[in-house]
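Have a look at the structure below before the remarks.
The values are calculated or read from the model by the stated rules, or taken from the named source; none is laboratory data. Keep in mind the model is a prediction, meaning the values are calculated, not measured. Glycine also receives a Cβ, built like all others from the backbone with ideal geometry; neighbour counts cover every protein chain displayed.
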Amino acid sequence: MLRTIDEINAKIKTGKVVVYTAEEVVGLVKEKGVAQAAREVDVVTTGTFGPMCSSGAYFNIKQSTPKIKCGGGRVSLGGVPVYAGWAAADLYLGCTALPDEDPRNAVYPGLFKYGGAHVIEDLVSGRKVKLTAQAYGTDCYPRKEYVTELGLADFNSAVMFNPRNGYQLYNVAVNLGERTIYTYMGVLRPRLGNANYSTAGSLSPLLKDPQLRTVGLGSRIFMGGAEGYVVWPGTQHVPEPQRDANGLPLTPSATLALMGDLKQMSPRFLRAASFTGYGATLSVGFGLPIPVLDEQVMAQAAIGDEEITYPIIDYCEAYPLGRPGSLGRVSMAELMSGQIEVEGKKVPTGGLASRARAREVAGELKERIAQGRFFLTRPVAPLPGAQLIEG
């Protein structure tokens, strides 16, 4: 082992820590080799920014006078239904939730113009939203209706809790069918009219620690512009995927459940989106600091776009049951070139995730660590299938 997390935190405290982004270490390793780069660099920062539908926030409201029992009632924020099946004042809003009335845009009927993600962005941006609650009334909570305007500061607590973020490996989506289809991977034109992907490639957090040797439960992260934590394996987490020689997954693999204080987050790193024919979603800025504890950490953190590959999936026929990788694999470098070849045809590519904003996430995290404003945490337990370094 080259260093421990405690030793890295001591260097952060004294301002002597050396931090590179995941893009920067690719060039550093090519120039100096893995061993020298590992000796020089203490932390590698990563970042991604793209639509993550399994995101949302829970809220605790300040009680009215007389009190109202939201639990078991009908509650909405900004006209969007929230889950109120908890206690009297706790609510959960998923980013893909849509209003009960037809939410589609009158001019473009397939475009859903407002949903849970937009409520979250409005709140984080400093705007107020309408809370509407209808309850059945009890002796201890006699009020049956409550309508008010609330901003983020008006909630007792507002916490982003995302059951599944940071997919380690995701599909490149194409359409071999005869009609345009509308998906969470965007609009897919027929007969291989386009190929969509959603990844930050060599900046992507879980691709730079592919075997999850430094990340686990309790890892502190950059989330939506604030500090957050890995709190559990994400839903659909696969502990033992097939891997290539670099340890990168070839089949569905890791995801993370993340949590952070919504009140500290920024609309710069939380943005609502509406996908034609699909609905609302939330783009989340997420960054993971990777402590360089040994040379293997550095070797994997320095894997470049040309070495990272993704399966090409036909969303018309093969998805969701079909043939993973049946149309081959393609590298991140090829995707970013703007064109790939599928079944002998040149197909234009389009990215749903923002590489520029992902770079900004990694850079912001790097700056906070270098300035002594962000310290690393030692995970309290490994993710399923992972072998944590005892650092």
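With respect to the conditions (1) in a loop (DSSP other than H, G, I, E, B); (2) surrounded by fewer than 22 Cβ atoms within 10 Å (Cβ to Cβ), C70 lacks only one, and its number is (2). Looking only at residues in segment 113-137 that are part of a loop (DSSP other than H, G, I, E, B) and touching a Leu at 6+ places or on another chain (Cβ under 7 Å), which one is farthest from L150 (Cα to Cα)? Looking at residues that are part of a loop (DSSP other than H, G, I, E, B) and touching a Leu at 6+ places or on another chain (Cβ under 7 Å), I get G115. Can you find even one residue in segment 212-219 that is buried (at least 16 other Cβ atoms within 10 Å of the Cβ), touching a Phe, Trp or Tyr at 6+ places or on another chain (Cβ under 6 Å) and at negative phi? Checked against the condition, which is being buried (at least 16 other Cβ atoms within 10 Å of the Cβ), touching a Phe, Trp or Tyr at 6+ places or on another chain (Cβ under 6 Å) and at negative phi, segment 212-219 yields no hits at all.
Against the test of being modelled with pLDDT under 95 and not in a strand (DSSP E or B), the options E390, E360, E367 yield a single qualifying residue, E390. The single condition among (1) surrounded by 19 or more Cβ atoms within 10 Å (Cβ to Cβ); (2) farther than 20 Å from P163 by Cβ; (3) of a type in the set (A, V, I, L, M) that A299 does not meet is (1). Across segment 159-211, the qualifying residues are those that are of a type in the set (A, V, I, L, M, F, W, C) and out of contact with any strand residue (DSSP E or B) (no Cβ under 7 Å at 6 or more places or on another chain), and the one among them that is nearest to M336 (Cα to Cα) is L207. Report the residue count in segment 143-164 for those that are polar (S, T, N, Q) and surrounded by 15 or more Cβ atoms within 10 Å (Cβ to Cβ). Residues flagged as polar (S, T, N, Q) and surrounded by 15 or more Cβ atoms within 10 Å (Cβ to Cβ) within segment 143-164 amount to 1. Name the residues in segment 210-221 that are aliphatic (A, V, I, L, M) and in a loop (DSSP other than H, G, I, E, B), would you? Residues satisfying the conditions are L212, V215.
Of all residues in segment 165-188, those satisfying the criterion of being outside any strand (DSSP E or B) and crowded, with 18+ Cβ neighbours inside 10 Å are G166, Y167, Q168, L169, Y170, N171, N175, M185. Candidates are the residues of segment 1-46 that are in a loop (DSSP other than H, G, I, E, B) and in contact with an Asp or Glu (Cβ under 7 Å, 6 or more places away or on another chain); the one that is modelled with the lowest pLDDT is M1. Would you pick out the residues in segment 189-209 that are assigned to a loop (DSSP other than H, G, I, E, B) and either in contact with a helix residue (DSSP H, G or I) (Cβ under 6 Å, 6 or more places away or on another chain) or over 19 Å from P382 (Cα atoms) (or both)? R189, P190, R191, L192, G193, N194, S198, T199, A200, S204, K208 - these are the residues of segment 189-209 that are assigned to a loop (DSSP other than H, G, I, E, B) and either in contact with a helix residue (DSSP H, G or I) (Cβ under 6 Å, 6 or more places away or on another chain) or over 19 Å from P382 (Cα atoms) (or both). Do the conditions hold for A84, that is, is it small (G, A, S) and buried (at least 21 other Cβ atoms within 10 Å of the Cβ)? Against the criterion (small (G, A, S) and buried (at least 21 other Cβ atoms within 10 Å of the Cβ)), A84 qualifies. Among residues of segment 171-192 that are under 14 Å from G350 (Cα atoms) and not assigned by TED's automatic domain parsing to the domain that holds L335, none has a beta-carbon under 9 Å from a residue that is of a type in the set (K, R) and part of a strand (DSSP E or B) at least six positions away or on a different chain. Of all residue pairs spaced 6 or more apart or on separate chains, none has beta-carbon atoms under 8 Å together with a first member in segment 274-297 that is outside the structural domain of T180 (by TED's automatic domain parsing) and a second member that is in a strand (DSSP E or B) and at pLDDT 95 or above.
Do any residues in segment 332-346 that are within 19 Å of I313 (Cβ to Cβ) have Cβ atoms under 6 Å from those of residues that are among the aromatic types (F, W, Y), where the two are at least six apart or on different chains, and which pairs are they? Partner pairs satisfying both residue conditions: L335/Y197. Taken across segment 232-249, residues that are of a type in the set (A, V, I, L, M), assigned by TED's automatic domain parsing to the domain that holds S331 and in contact with a strand residue (DSSP E or B) (Cβ under 7 Å, 6 or more places away or on another chain) do not occur at all.
Where strands (runs of 3 or more DSSP E) sit wholly within segment 222-280, none has at least 2 residues that are crowded, with 23+ Cβ neighbours inside 10 Å and of a type in the set (D, E, K, R).
Looking at segment 359-378, is at least one residue of a type in the set (F, W, Y), more than 30 Å from R3 (Cβ to Cβ) and either buried (at least 16 other Cβ atoms within 10 Å of the Cβ) or not assigned by TED's automatic domain parsing to the domain that holds L206 (or both)? Looking for residues that are of a type in the set (F, W, Y), more than 30 Å from R3 (Cβ to Cβ) and either buried (at least 16 other Cβ atoms within 10 Å of the Cβ) or not assigned by TED's automatic domain parsing to the domain that holds L206 (or both), one finds none in segment 359-378, hence no.
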